[in-house]
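Remarks on the structure that follows.
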Amino acid sequence: MEVMAPARHWHALQQERLGWAYRAYRRFIDSLSAEVRSHFISASEQQPPYVVVFGMTQVGKTTLLLELMGLDIAAQTRVGQILRGGRASGMSATATTMEYRRSPDQDWHFDDGSGLRRIGSDAAMQAALGELRQRMSERRLHPDQPVVVAIPADCFDSSQTDSGIRMLDLPGDNPADEIEREHVQQMAARYVPHADLILLVGRGDNLSFLIPAALNLPSIEDWQYVPGRFRIVTTFAFTPSTVQSFAAQHPDQLDAALFRARLQQEIRSFDLVLSPEASRPELYYPLELGSSWHAMLAQDTPYARRIQPVVQGLKDSLMADIRASASEAARFRNALDVHVVTRCKREAHLQLAEQQLAQVREQVEQAEALARQASEGAAAAMAEANALHARLAQCSAACEELKTSPSIDASAQVELVNQLWTNTSAFYARINDFTGWLRQQFLDAAPAAGSVTRRLLGKAKPRMDQHIGTVNQLADAEFDVLIRRMGDYWRDEYYPSVSDSFADDKARLKADIRDVAHKVSVLAQNLWMQILAEQLHALEAEAERCARSAASLLHIKTQQNNLRAERLAQADVIHAIKEQALARLERDEAQAARFSTLLDEEYLHELQQRTRHMAGAAQASVALLELLGIVALSDEYRKIKLPQHQTA
């Protein structure tokens with residue numbers, strides 16, 4: 001067996017230091033779709049960085065990605081105009097999810113899902129993008145992959161090293177409809193998890209883009225779980241007067257740390273809670289870009305001169321982050337970070353589900369309590385209504401009673417007429433006495449105690465005293481004929497032996513007493529009948545009120561029972577969503593665990609081979625090199641398997 005020279009042997013060992021990881025990675029990505037594999041087939045450093053840019057329109061995303069790709073300022077203006085597809089300056093350049101890359105030649109290359117084609121002029125490219133936007137606005141284009149735009153090579157700054165960065169511009173605005181929402185969701189789910197780096201972009205004067213509701217896309221929402229894969233970029237971060245005033249308050253030399261700390265302070269003012277990992281200053285990039293930045297530099301103001309090195313340093317640092325994100329270890333870490341995300345999501349889903357279920361349980365208990373109260377109230381109202389209807393049923397009997405009661409019995413008064421002296425004065429006195437007696441009888445007139453009427457009316461009774469005048473009128477009218485006749489007599493004394501006047505007047509007085517007593521009895525009966533009618537009306541109204549109240553309470557009971565059923569169904573949905581999410585996360589976790597297991601398998605296999613080679617080495621120098629190779633192998637394993645901040 002030929003013995004390799006030490007230098008060559010060591011070089012060979014170094015070349016193979018990550019072979020085991022590549023083998024594990026290739027086995028892992030076999031489980032991914034063909035489209036995803038076409039973008040992320042290799043973890044090699046030779047593959048250019050793939051960066052996702054996420055944010056709302058009109059925040060400078062296009063300018064940012066063009067500058068990061070290496071376009072000079074003149075080319076940025078040219079390309080930016082073309083990418084707007086003929087729209088006026090200040091209008092959004094993004095019609096859908098777009099992937100930007102460097103063209104291999106001086107022509108544009110364009111793929112809207114119908115195949116990659118070469119476009120030889122700026123005007124033709126602008127027209128193609130305008131037509132693309134039109135198709136999107138008319139809902140005639142529903143791509144299942146990003147639209148690819150390759151920018152001519154002569155647009156790139158020749159003084160800079162070709163980084164080959166590919167940029168995925170993911171729209172961050174609220175979708176216009178369900179189709180657009182599903183498209184953005186699909187693009188995010190397919191490409192974001194495997195990107196080398198994700199830039200969350202927003203204006204420096206509007207940090208609402210970091211509110212969780214604005215980051216509800218697959219993997220974008222994970223930024224606080226694995227913040228090392230994300231960078232927070234704010235544009236127009238140095239032009240506002242408030243920032244210039246802030247800089248003026250720090251007369252010493254300005255640095256990036258100062259503005260990063262200010263940015264984090266403003267983020268927290270939005271009540272956004274940053275996890276300890278997401279609070280690392282090196283993840284935050286307040287920047288100034290494009291024509292506004294170059295115009296500021298051209299003015300050469302003291303402020304521009306002070307911040308220029310800060311902005312440039314931040315841009316250089318961001319570019320370094322992008323390049324570092326495409327390293328072998330970083331790409332392996334991205335695959336391994338799935339288990340971090342799934343664990344955090346599992347905890348978040350469980351916590352959210354428990355909060356939702358606790359809220360639903362409380363609502364169910366409230367609904368049950370209200371339904372119970374409504375049922376009890378309805379039963380009480382119905383019982384009261386039934387009691388009122390029972391009293392109403394007695395009204396007919398009371399009406400029959402009031403036809404004959406109260407009744408004024410004047411028979412004793414009639415008998416007293418037989419005792420009169422034979423003179424008109426005795427008649428006048430008897431009339432007066434009877435009228436007084438009649439008034440008192442009227443005042444005392446009432447149905448018999450214990451009668452149906454008295455039980456029904458209770459303490460209710462008519463105001464008899466208010467009708468004494470009517471009694472007097474009835475009496476005066478009844479005795480008027482007799483009194484006028486007696487007034488025509490020429491003497492006060494009767495002479496029964498001579499005339500029948502005494503007998504006739506007594507008969508007339510007896511008849512008048514009977515008649516007026518009957519009329520006053522009818523008056524009393526009518527007054528009591530009015531009270532009975534009023535009581536009947538009140539009882540009917542109260543019974544109706546009780547019935548309505550019972551019906552209303554029963555309706556509330558039905559509503560609360562329905563609400564309880566809805567909340568129980570909602571709890572079932574929450575359980576189902578939780579179980580579905582946990583099942584999905586378990587699959588993701590299993591996938592991450594599978595990659596970790598594959599790494600362990602390949603590492604142990606490589607370690608065993610290296611150990612055998614070391615043990616079988618014919619020369620001590622070779623054995624030493626094998627040992628050093630094992631140490632290097634272990635170091636690579638540690639860098640891949642442990643988080644970056646633990647290996648730094």
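Filtered by the rule that a residue be part of a loop (DSSP other than H, G, I, E, B) and of a type in the set (D, E, K, R), region 387-411 gives LYS403, ASP409. Consider region 240-293 and keep the residues that are surrounded by fewer than 15 Cβ atoms within 10 Å (Cβ to Cβ) and of a type in the set (Asp, Glu). The one that is farthest from ASP72 (Cα to Cα) is ASP271.
Considering the conditions (1) β-branched (Val, Ile, Thr); (2) more than 25 Å from PRO309 (Cα to Cα); (3) assigned to a helix (DSSP H, G or I), VAL273 is excluded by exactly one of them, (3). Among residues of region 205-222 that are farther than 22 Å from ARG190 by Cβ, those with a beta-carbon under 8 Å from a residue that is among the aromatic types (Phe, Trp, Tyr) at least six positions away or on a different chain give the pairs ASP205/PHE236; LEU207/PHE270; SER208/PHE270; LEU210/PHE270; ILE211/PHE270.
Condition check ((1) at pLDDT 90 or above; (2) open to solvent by 50 Å² or more (accessible area, probe 1.4 Å)) across all residues:
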site: GLN351; (1), (2): no, yes
site: GLN359; (1), (2): yes, yes
site: LEU416; (1), (2): yes, yes
site: SER451; (1), (2): no, no
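Checking each residue of region 225-241 against the condition of being farther than 29 Å from ASN334 by Cα and among the β-branched types (Val, Ile, Thr) gives at least one match. Applying a threshold of 8 Å to beta carbon distances and a minimum spacing of six or more residues, or different chains, the list of pairs starting in region 490-505 at a residue that is closer than 15 Å to SER425 by Cβ and in contact (Cβ under 8 Å) with a residue 60 or more places away in the chain and ending at one that is outside any loop (DSSP other than H, G, I, E, B) and open to solvent by 50 Å² or more (accessible area, probe 1.4 Å) reads ASP492/SER425; ASP505/ARG485. Of all residues in region 619-633, those satisfying the criterion of being surrounded by fewer than 17 Cβ atoms within 10 Å (Cβ to Cβ) and within 15 Å of ALA7 (Cα to Cα) are GLN619, ALA620, SER621, ALA623, LEU624, LEU627, LEU628.
Contact annotation: residue pairs with Cβ atoms under 6 Å, 6 or more positions apart or on different chains, pairing a residue in region 233-245 that is over 15 Å from GLY290 (Cα atoms) with a partner that is open to solvent by 60 Å² or more (accessible area, probe 1.4 Å) and part of a loop (DSSP other than H, G, I, E, B), are PRO240/ASP205. Only one of the numbered conditions (1) more than 39 Å from the chain's Cα centre (by Cα); (2) over 30 Å from LEU388 (Cβ atoms) is violated by ALA581, and that is (1). Identify the residue in region 515-528 that is open to solvent by 60 Å² or more (accessible area, probe 1.4 Å) and in contact with a helix residue (DSSP H, G or I) (Cβ under 9 Å, 6 or more places away or on another chain) and, among all such residues, is nearest to GLY458 (Cα to Cα). Looking at residues that are open to solvent by 60 Å² or more (accessible area, probe 1.4 Å) and in contact with a helix residue (DSSP H, G or I) (Cβ under 9 Å, 6 or more places away or on another chain), I get LYS519.
ILE574 meets all of the listed conditions (1) modelled with pLDDT of 90 or more; (2) among the β-branched types (Val, Ile, Thr); (3) buried (at least 17 other Cβ atoms within 10 Å of the Cβ) but one, namely (1). Scan region 450-457 and tell me whether some residue there is charged (D, E, K, R) and in contact with a Ser or Thr (Cβ under 9 Å, 6 or more places away or on another chain). For region 450-457, residues charged (D, E, K, R) and in contact with a Ser or Thr (Cβ under 9 Å, 6 or more places away or on another chain): absent. Against the definition (touching a Pro at 6+ places or on another chain (Cβ under 9 Å) and of a type in the set (S, T, N, Q)), how does THR422 come out, yes or no? Considered against the rule, which asks whether it is touching a Pro at 6+ places or on another chain (Cβ under 9 Å) and of a type in the set (S, T, N, Q), THR422 comes out as yes.
Out of PHE40, PHE54, I need the residue that is at pLDDT 80 or above and within 30 Å of MET136 (Cα to Cα). Which one? The conditions single out PHE54.
Do we find a residue being over 24 Å from GLN58 (Cβ atoms) and in contact with a His (Cβ under 7 Å, 6 or more places away or on another chain) anywhere in region 236-247? No: region 236-247 contains no residue that is over 24 Å from GLN58 (Cβ atoms) and in contact with a His (Cβ under 7 Å, 6 or more places away or on another chain).
The values are calculated or read from the model by the stated rules, or taken from the named source; none is laboratory data. A quick note: this is a predicted structure, and the numbers were derived from the prediction, not measured. Here the Cβ is made from the backbone with ideal geometry for all residues, glycine too, and neighbour counts use every protein chain on show. Protein only, heavy atoms only, side chains kept; ligands, DNA and RNA dropped before computing areas. Shrake-Rupley method; radii C 1.70, N 1.55, O 1.52, S 1.80 Å.
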